[in-house]
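Below: the structure, in structure tokens.
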Amino acid sequence: MTKSELIARLAERYPQLGAKDADYAVKTILDAMTQTLEEGHRIEIRGFGSFAINRRPPRVGRNPKSGEKVMVPEKRVPHFKAGKELREQVDLKQRNEA
């Protein structure tokens, strides 16, 4: 599902929200989540999952074109871990389709 599909589904499910209002709501939520992760905090949505920042330490990499060794700096990357209810719901759906 893309961001625009999420906005369309939200507007469809709640007709009192116009498309612009649904767009604003989705953008506001995503911006708040982004800002929270940028600040190094964790996000937990009960029954859905959690978002956290993982640290990737610096390492020596290799340029695939030249084979030359290159230092890759430390990175902070977002990580999502699905909650128990989401995992069970997805698993149940997959079992029913099989």
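The values are calculated or read from the model by the stated rules, or taken from the named source; none is laboratory data. Just so it is clear, the model here is predicted, and its values are computed rather than measured. Here Cβ is always computed from backbone atoms with ideal geometry, including for glycine, and neighbour counts include all displayed protein chains. Quick note on the areas: whole protein, heavy atoms, side chains included, nothing else; ligands and nucleic acids left out. Shrake-Rupley method; radii C 1.70, N 1.55, O 1.52, S 1.80 Å.
Miscellaneous remarks
- Any pair with Cβ under 6 angstrom, 6 or more apart, that starts in the stretch 71-83 at a residue that is closer than 15 Å to Ile53 by Cα and ends at one that is open to solvent by less than 100 Å² (accessible area, probe 1.4 Å) and among the small types (Gly, Ala, Ser): His79/Ala52; Phe80/Gly49; Lys81/Gly49; Lys81/Ser50; Ala82/Gly49
- Qualifying position, being on the phi > 0 side of the Ramachandran plot and at pLDDT 95 or above, among Gly83, Gly49: Gly49
- Residue satisfying all of: in the stretch 60-83; basic (Lys, Arg) and either touching a helix residue (DSSP H, G or I) at 6+ places or on another chain (Cβ under 9 Å) or part of a strand (DSSP E or B) (or both); least open to solvent (accessible area, probe 1.4 Å) among these: Lys75
- Members of the stretch 49-59 found to be more than 26 Å from Val90 (Cα to Cα) and open to solvent by less than 90 Å² (accessible area, probe 1.4 Å), listed by number: Pro57, Pro58
- Test for Arg76: is it at pLDDT 95 or above and within 22 Å of the chain's Cα centre (by Cα): yes
- Test: residue in the stretch 27-48 that is in contact with a Gly (Cβ under 8 Å, 6 or more places away or on another chain), part of a strand (DSSP E or B) and open to solvent by less than 100 Å² (accessible area, probe 1.4 Å): yes
- Residue within the stretch 9-25 that is part of a helix (DSSP H, G or I), loosely packed, with under 10 Cβ neighbours inside 10 Å and of a type outside the set (S, T, N, Q) present: yes
- Verdict on Gln89 being part of a helix (DSSP H, G or I), surrounded by 10 or more Cβ atoms within 10 Å (Cβ to Cβ), at pLDDT 95 or above and of a type in the set (S, T, N, Q): no
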